[in-house]
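The structure under discussion appears below in the form of structure tokens.
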Amino acid sequence: MQTFSYPDPRDWAALQQRPEQAAAPDVEARVQGIFTQVRQHGDDALRRYAAELDGAPGLTELLVSETELAAGAAQVPADLRAAIGQARRNIEAFHHAQGGRELPVETMPGVRCWRRAVPVPRVGLYVPGGTAPLFSTLLMLGVPARLAGCPEIVLCTPPGRGTGLIHPAILFVAQELGLTKIVKAGGAQAVAALTYGTASVPAVDKIFGPGNRYVTAAKQLAAQRGVAIDMPAGPSEVLVIADHTANPAFVAADLLSQAEHGPDSQVILLTDAPELLPAVLAEVERQLADLPRQDVARRALAASRAVLLPDAAAMLRFSNQYAPEHLILAVADPDALAAGVTNAGSVFLGHLTPEAVGDYASGTNHTLPTGGHARAYSGVSLDSFVKKITFQRLSEQGVQGLAATVELMAEAEGLRAHAQAVALRRLSLAGGSDEPALAGSRGVGKE
């Protein structure tokens, strides 16, 4: 990790730059090409990319069969099944609580307004599975999709390198959630297929799921093509704020838990305790040696930073500017610091709350905005899978009480038909002439 001591705040922006930003134009051009190929060649393009990018040549069937689904799910050992079950129950409990019914509001006598949540009809779930089969992501997306009542759910995940098979744990979770439309397609090509539709992959209304910079660029391109997305969710990242009470081993483990996601992940350590920096860096090296994915983590650490700042206020200000996907407050009084957090995807309070619990089983969703998008986006929730439709109803009293307001405003904007739509009803209720007395006739908006 790169280390910096008391940098000038004017230099913070350079320290907050994500590693993927430099290569963005090349990524966008590559993704544009993939979209063109999938739009023109459909399933054939998906098979070609499976061989070229996923290392799965000779793929004939893109959809997982019932037999393949059952056989793969059966391979998951009992202890992992139990762990997945516990995680699912926690995720369901947290997301179910988000579904409270909104009460109608009478904005004035006789004018009632309300909203109703309607599930998005067709959703596409993208689950990364290249270097790590993220079956936990399927829980995070599939559980709220099911709770929301989405009628059609399509799962895309990369085929296994050299096997063309989906990881058994992903198939087990899919089976548990009742998902049967499972497509062997990964990366930007999967997003393109969900955008345009192919012979095997139905086009969807909204695409969900994290991924690398190519997947993120593909989702943003899908949004330009009229398909909604959950958020820009690219390479994983964590920012840890640690004071003198932090355990260096805990902090190092938290940093490495994100660095091992991928070479373009980024981890940031902020501390106001000079003695903590070398202790954490030493722990990082010690723990790194035992990681199966140490090469991946080491590449991510090369673009990561440890920064010594003067106090908690400076650390919080730096963090809010960076807007991390994950924020860990490894400090003596995390609640006090948390009160000042304005930009973060998900926050983990105290020395005993590692980011890993949110990734798997605490109940909160781990599909979160990255790349600084936490300044404006929230993580996935039950609301992500529904659209809120507004309704209103006016009684006679409502028309009579609201008509003058609407007529005056419509005439002032020069939209006379709007005013007439209200005036006709007002006159009808009053038993007056068929010729509406519009607001304009009273001198408002007249030429």
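Values in this text are rule-based calculations from the coordinates and carry no lab data. Worth saying up front: this structure is predicted, and the values here are computed from it rather than measured. All Cβ positions, even for glycine, are placed from backbone atoms using ideal geometry, and neighbour counts span all protein chains on display.
Out of 391, 208, 318, any idea which swings most in a Gaussian network model of the chain, alpha carbons joined below 10 Å?
With Cα springs under 10 Å in the chain, the top fluctuation among 391, 208, 318 is at 391.
What net charge do the residues around residue 278 carry, taking every other residue with its C-beta under 14 Å from that of residue 278, with Lys and Arg at +1 and Asp and Glu at -1?
Overall, the nearby charge balance is -2.
Can you tell me how much longer the chain between residue 244 and residue 80 gets when fully stretched, taken as 0.36 nm per residue apart minus their C-alpha distance, in nm with one decimal?
Numbers: separation 164, 0.36 × 164 = 59.04 nm, distance 3.70 nm.
So the extension gain works out to 55.3 nm.
How large is Rg/Rh for segment 175-237, to two decimals, with Cα atoms and a Kirkwood Rh? Could you put the intermediate results ahead of the total?
On the way: Rg = 11.7 Å, Rh = 12.1 Å.
Over the Cα atoms of segment 175-237, Rg/Rh equals 0.97.
Calculate the FRET efficiency for residue 15 and residue 220 from the Cβ-Cβ distance with a Förster distance of 22 Å, rounded to the nearest 0.05. Mind dumping the intermediate values first?
On the way: r = 25 Å, r/R0 = 1.14.
It comes out at approximately 0.30.
Taking the Cβ of residue 356 as the centre, find all other residues whose Cβ is under 12 Å away and add up their charges (Lys, Arg: +1; Asp, Glu: -1).
On the way: positive: none; negative: 254, 260, 355, 359.
Spelling it out: positives minus negatives among the neighbours equals -4.
What nm distance separates the two modelled labels at residue 321 and residue 413, each placed 7 Å from Cα along Cα→Cβ?
4.1 nm
Excluding residue 399 itself, what net charge comes from residues whose Cβ is under 12 Å from its Cβ, given Lys and Arg +1 and Asp and Glu -1? Mind showing how you got there, number by number?
Details: positive: 393, 425, 426; negative: 396, 407.
Overall, the nearby charge balance is +1.
Largest first and in whole Å, give the semi-axes of the chain's equivalent ellipsoid, each being the square root of 5 times a Cα gyration tensor eigenvalue. Mind dumping the intermediate values first?
Values: eigenvalues 413, 197, 92 Å².
Values for the chain, descending: 45, 31, 21 Å.
How tilted is helix 168-177 with respect to the longest principal axis of the chain? Cα atoms for both, answer in degrees (0 to 90, nearest 10).
30 degrees
Would you mind computing, in nm to one decimal, how far apart the modelled labels at residue 299 and residue 273 are, each placed 7 Å from Cα along Cα→Cβ?
Distance between the two pseudo-spin positions: 3.3 nm.
With the dipole of the chain worked out from charges on the C-beta (+1 for Lys and Arg, -1 for Asp and Glu) around the Cα centre, which of 249, 41, 379 lies farthest toward the positive end?
41
What length, rounded to one decimal in nm, is gained on full extension from residue 71 through to residue 4, with 0.36 nm per residue of separation minus their alpha-carbon distance?
On the way: separation 67, 0.36 × 67 = 24.12 nm, distance 5.19 nm.
My answer for the length gained is 18.9 nm.
Between the helical axis of 312-322 and the dominant principal axis of the chain, each derived from Cα atoms, what acute angle in degrees is found, rounded to the nearest 10?
Relative to the chain, helix 312-322 is tipped by roughly 70 degrees.
Order the peptides 272-281, 186-195 from the highest to the lowest mean number of other Cβ atoms within 10 Å of their residues. Kindly include the intermediate steps, with their values, before the conclusion.
Values: 272-281: 17.0, 186-195: 28.7.
Per-residue mean Cβ counts within 10 Å order the peptides as 186-195, 272-281.
For the chain, what is the charge dipole size about the Cα centre, in debye to the nearest 20, if Lys and Arg each add +1 at the Cβ and Asp and Glu each add -1 at the Cβ? Display every interim value, and only then the final one.
Values: 37 positive and 45 negative charges, 268 e Å.
Its charge dipole is roughly 1280 debye.
Among 281, 13, 76, pick out the residue whose Cα is farthest towards the positive end of the charge dipole of the chain, where Lys and Arg carry +1 and Asp and Glu carry -1 on C-beta, about the Cα centre.
About the Cα centre, the residue reaching furthest to the positive side is 76.
Suppose only helical runs count, i.e. DSSP H with n ≥ 4. What mean residue ellipticity at 222 nm does that imply for the chain under -39500 (n - 2.57) per run, divided by all residues and rounded to the nearest 500 deg cm²/dmol? Mind showing how you got there, number by number?
Values: 17 runs with 194 residues, N = 447.
For the chain, the value works out to -13500 deg cm²/dmol.
Suppose every Lys and Arg Cβ carries +1 and every Asp and Glu Cβ carries -1, with no other charges. What dipole size does segment 45-102 come out with about its Cα centre, to the nearest 20 debye?
On the way: 6 positive and 8 negative charges, 36 e Å.
Here the size comes out at about 180 debye.
Between residue 389 and residue 336, 0.36 nm times their residue separation minus their Cα-Cα distance comes to what? Please list the in-between numbers first.
Details: separation 53, 0.36 × 53 = 19.08 nm, distance 3.79 nm.
Working it through step by step, the gained length comes to 15.3 nm.
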